[in-house]
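For reference, the structure I am asking about is given below.
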Amino acid sequence: MTYRKKPVTEKFLRPGPVKPRQIRLGNSVPVYLIRAGSQPVARIDILFRAGSWWQPKPLVASSANAMLTEGTIYHTGEEIAQKTDYFGSYINTHIDRDNAFVSIYSLTKHLESLLPLAEEIIKVPSFPERELETLLERKLQSYMIERNRVGTIAREQFSSALYGSDHPYGQILQPEHFKNVSSEDLHAFHRDFYKTGNCAVFISGSYDEDSIAGLLDRTLGGTEWLSHPEAEESMPPPFQTEKRNLLILKKDAVQSALRIGRPLFNRSHPDFPGMMVLNSILGGHFGSRLMQNIREKRGYTYGIGSVLAGLRHSGYIAVISEVGAGYRKNAVKEIYNELDRLRNKPVSKKELDLTKSLMLGEILSSFDGPFAWLESIRNLVEHDLDDGFIDILIETITGISASRLQDLAGKYLLTGDMTEVVAGQ
Amino acid sequence: MINFKKKVLDNGLTVIVHRDISTPMAVVSIMYDAGSRDDNPEKTGAAHLLEHLMFGGSVSIPSYDREVQKAGGENNAFTNNDITNYYVSLPAANLETGLWLEADRMMGLDLSQRGLDIQKSVVTEEYRQRYINQPYGDLWMILRPLAYKTHPYRWPVIGSDISHIAKITLDDISRFYTNYYSPSSAILAVASKLEEDRCIELAEKWFGHLKGKMSVTRSLPDEHPQKELREKVVYRDVPSDQITVAYHMCGRDDPEYYATDLISDLLAGGRSSRLYRRLVMEKKIFSNVNAYITGDRDPGLFIVQGMVADGTGTEQAYNEMTAEINGIITGPPGTTELDKVRNKLEAARHYTHTGILNKAIDLAYYELLGNAGYLNDEIAMYKKVQTDDIVQQASILFRPENSSVLFYRSSDRSKT
């Protein structure tokens, strides 16, 4: 048998150019064009600055978004569903705290038929009462299921502790909120926030650029839905972080959900890229310190990790896990031990190099395929960034030192600054 | 059309290569013809537990994960009733690292008592997280033994009980590994921008020297035809009542599979589907409905499921649900409705195949079914299905005595 040498590993690989072509429609709405992939499909994402951050009261932003496909002044919800299903296409709606989205997945050849429908959905939805009632009932029912989950309880309480229960990033839904949304609320929200000035369009897949540009201009390029000149960004109240240790008891729970973390900053902050590296070491991947210690060494949990979340107006770092109820105290202790280690001892060269390779690989794969590429570009725009951020990120990852990481840990991962939420036992 | 090249190595390993020049990444995927149906009925969960242990390092490479990360890659695995699949996605320049790692752990896994003990604890927590600590989490724990009496599909992949997982020994795992993890029981799929022949050469280099083994003959008990309707009611601390109906259906290789699959789409595929329009939007009897097939290789289950809306009795909801299901027979779909579900199916395949990972896994799976080329030909099978076939299959499926019904009833305290 011949001896096979371990293959040489190429390090620090970078993606090729990722910048999409950018054009503007007649009404100045920006369009990002990505052409990639082997299949005859396209995906179009239409972004609006219309997330829950902007809503006057709970559930308005998410209901307005979900109700877009439930009827327009020309078509019923059923007709819209029949038509999109017949083409094998999807018009999906989705919302997060900052933004709202309409996503179209289609065989490229059907875009000609679908975009006029998307145009209607965006410009002239009718928000019919009966469908709204059904939607709210369904939302309430899944909410009632969700709030039985320890993971959900911990997530909500954690956000509330971080940002304050009156703040859109920290608000916790209550059953009575579901009775307090009207069709008129949705019309008013739509009039203010589904407008050209709040909008960006992303398209990716296999298509002909000129004919798509023309089609988009004919359907979404008009001036009849321009933003009101007087519209202003209304600012919610400031964050009210209450550092807290919370235990929400759920007696029958066989596992306890944990969230331990603190508020940070959004992606534009100069320390954000460095914190991404630190987070990766702590709990950002399968081989991370938290996974190795708390799952692989001790078997306390099926999964543990940490996230560095970048919201548009803030951000936070959080350790997240569900652990066997009897392991809770030890697991919390080990989480703090891992924070201590990051502050007190520089990361070894071996571990740092490994993290660098891993993170560069993640960047490369975030541009793999048309849909992933679209999401990566969209993600930048969502956070008021451009592809320059990718360059900064790559420079940070390749250049960062162990002492810089230790400084960051000393600054941002102090045990005394952590909010700790446990749901379960 | 997903292009591919195939070669069977001397040791029995089947290699499938797909080339996609538009991606900077490469995928190495290994599918083993072994799943939870191959578990010992007294100690279920071994196939899945072994999947966990496959990440514990080998005799010559102590940390699998670290090597993947060094190469800028990501990896994962899944086990189902029939197969276990491992995959790693990494920058194309490091494709060989992926092959090296997979070849290494196919033959030289380092099984230790300590590793086993820890992974048993991890899997126990997985069991608690997914199946106990979730509303409706124990659905499949109850439904499987209700629908199956003899076939191994009667237990869930993770194992029928935590006590089963506790009983599994190092010997059991080692035997499973020896029996099922060998070149002749595996399909290697490689997808990247590299030329197909180059990939086959590399597969030969890293896997060609591994010793082939006699494959074990699989002999599983058939499920006897069900003769009467089975019903079970459970009371749980859940916010809403839920109804699940499971009908026995054909296996993956049977010609009836295509009509059966289309019936599930007619019933609940998308917002224009029959159950969604009638029961959720019009009558508001359910807040949510779903219909799907398990798609197992041996005869599987056709599932219809609904979350009962507040204010509706479960009896009434069940009657409305079965009436609408039987509507497929009494009011069969015309060409437009049939075209719709076929178009959806075709488009959905294209969406799935925008990434190389799904292409690699699907090619391997169709090869396991007999020929990777089916992946491209199968759409034609769906196109052949006519209204008559739909009615005929629905009449066989939707007999009450062919069904098992599981009711979740909300116990009183959750309503307050």
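Inspect all residues belonging to region A:109-129 and state whether any of them is over 30 Å from A:Leu216 (Cα atoms) and touching a helix residue (DSSP H, G or I) at 6+ places or on another chain (Cβ under 8 Å).
The answer is yes, given that some residue of region A:109-129 is over 30 Å from A:Leu216 (Cα atoms) and touching a helix residue (DSSP H, G or I) at 6+ places or on another chain (Cβ under 8 Å).
For region A:111-131, check the following and say yes or no: at least one residue is surrounded by fewer than 20 Cβ atoms within 10 Å (Cβ to Cβ), within 14 Å of chain B (Cβ to nearest Cβ) and β-branched (Val, Ile, Thr).
No, every residue in region A:111-131 fails to be surrounded by fewer than 20 Cβ atoms within 10 Å (Cβ to Cβ), within 14 Å of chain B (Cβ to nearest Cβ) and β-branched (Val, Ile, Thr).
Based on what the data block shows, is A:Lys109 of a type in the set (Lys, Arg), without any contact (Cβ under 8 Å) to a residue 40 or more places away in the chain and not in a strand (DSSP E or B)?
Taking the combined requirement at face value, the residue does not satisfy it.
Is it true that B:Ser22 is open to solvent by 10 Å² or more (accessible area, probe 1.4 Å) and of a type in the set (Gly, Ala, Ser)?
Here the answer is yes, as B:Ser22 does meet what is asked.
Per-residue answers, yes or no, for (1) open to solvent by 10 Å² or more (accessible area, probe 1.4 Å); (2) at the interface with chain A (Cβ under 8 Å from one of its Cβ atoms); (3) in contact (Cβ under 8 Å) with a residue 12 or more places away in the chain:
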residue: B:Ala93; (1), (2), (3): yes, yes, no
residue: B:Glu96; (1), (2), (3): yes, yes, yes
residue: B:Asp104; (1), (2), (3): yes, no, yes
residue: B:Gly108; (1), (2), (3): yes, no, yes
residue: B:Leu116; (1), (2), (3): no, no, yes
residue: B:Thr124; (1), (2), (3): yes, yes, yes
residue: B:Tyr131; (1), (2), (3): yes, no, yes
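While we're on this one: Filter region A:71-110 down to residues that are at the interface with another protein chain (Cβ under 8 Å from one of its Cβ atoms) and of a type in the set (Asp, Glu) and give me whichever is nearest to the chain's Cα centre (by Cα).
Of everything passing the filter in region A:71-110, A:Asp85 is nearest to the chain's Cα centre (by Cα).
Pick out, from region B:272-381, the helices (runs of 4 or more DSSP H) lying fully within it that include 3 or more residues that are under 25 Å from A:Leu140 (Cα atoms) and open to solvent by 40 Å² or more (accessible area, probe 1.4 Å).
B:314-330
One line per residue, one yes/no per condition, for (1) open to solvent by 10 Å² or more (accessible area, probe 1.4 Å); (2) within 14 Å of chain B (Cβ to nearest Cβ); (3) among the polar types (S, T, N, Q):
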| residue | (1), (2), (3) |
| --- | --- |
| A:Leu342 | no, no, no |
| A:Lys350 | yes, yes, no |
| A:Asp353 | yes, yes, no |
| A:Ile363 | yes, yes, no |
| A:Ser366 | yes, yes, yes |
| A:Val381 | yes, no, no |
| A:Gly388 | yes, no, no |
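All but one of (1) surrounded by 14 or more Cβ atoms within 10 Å (Cβ to Cβ); (2) under 30 Å from B:Met141 (Cβ atoms) hold for B:Glu401; state the number of the condition that does not hold.
Here B:Glu401 clears every test but (1).
Answer yes or no as to whether B:Lys167 is closer than 23 Å to B:Met54 by Cβ and not assigned by TED's automatic domain parsing to the domain that holds B:His248.
So B:Lys167 passes the test.
Restricting region A:298-324 to residues that are facing another protein chain (nearest Cβ under 7 Å) and open to solvent by 30 Å² or more (accessible area, probe 1.4 Å), which is nearest to A:Gln255 (Cα to Cα)?
Here the residue is A:Glu322.
Examine region A:410-417 for a residue that is loosely packed, with under 15 Cβ neighbours inside 10 Å, touching a strand residue (DSSP E or B) at 6+ places or on another chain (Cβ under 8 Å), in the same structural domain as A:Arg289 (by TED's automatic domain parsing) and farther than 30 Å from A:Leu107 by Cβ, and state whether such a residue exists.
Checked against the condition, which is being loosely packed, with under 15 Cβ neighbours inside 10 Å, touching a strand residue (DSSP E or B) at 6+ places or on another chain (Cβ under 8 Å), in the same structural domain as A:Arg289 (by TED's automatic domain parsing) and farther than 30 Å from A:Leu107 by Cβ, region A:410-417 yields at least one hit.
A:Ile44: open to solvent by less than 10 Å² (accessible area, probe 1.4 Å), of a type outside the set (Gly, Ala, Ser) and modelled with pLDDT of 95 or more, yes or no?
Spelling it out, A:Ile44 is indeed open to solvent by less than 10 Å² (accessible area, probe 1.4 Å), of a type outside the set (Gly, Ala, Ser) and modelled with pLDDT of 95 or more.
B:Arg236 - would you say it is closer than 22 Å to B:Ala394 by Cα and either touching a strand residue (DSSP E or B) at 6+ places or on another chain (Cβ under 7 Å) or outside the structural domain of B:Ala147 (by TED's automatic domain parsing) (or both)?
no
I'd like the full set of residues that are farther than 30 Å from B:Val405 by Cα and not in a loop (DSSP other than H, G, I, E, B), limited to region B:193-242.
Across region B:193-242, the qualifying residues are B:Glu196, B:Asp197, B:Arg198, B:Cys199, B:Ile200, B:Glu201, B:Leu202, B:Ala203, B:Glu204, B:Lys205, B:Trp206, B:Phe207.
Does any residue in region A:28-48 that is more than 14 Å from chain B (Cβ to nearest Cβ) come within less than 7 Å, Cβ to Cβ, of a residue that is modelled with pLDDT of 95 or more and in a loop (DSSP other than H, G, I, E, B) six or more places away or on a different chain, and which pairs are these?
Partner pairs satisfying both residue conditions: A:Val31/A:Leu25; A:Leu47/A:Asn99; A:Phe48/A:Asn99; A:Phe48/A:Tyr194.
The values are calculated or read from the model by the stated rules, or taken from the named source; none is laboratory data. Keep in mind that what you see is a predicted model, and the values were worked out from it rather than measured. Neighbour counts run over all protein chains shown; Cβ positions are idealised from the backbone, glycine included. Only protein heavy atoms, including side chains, enter the accessible area calculation; ligands, DNA and RNA are left aside. Shrake-Rupley method; radii C 1.70, N 1.55, O 1.52, S 1.80 Å.
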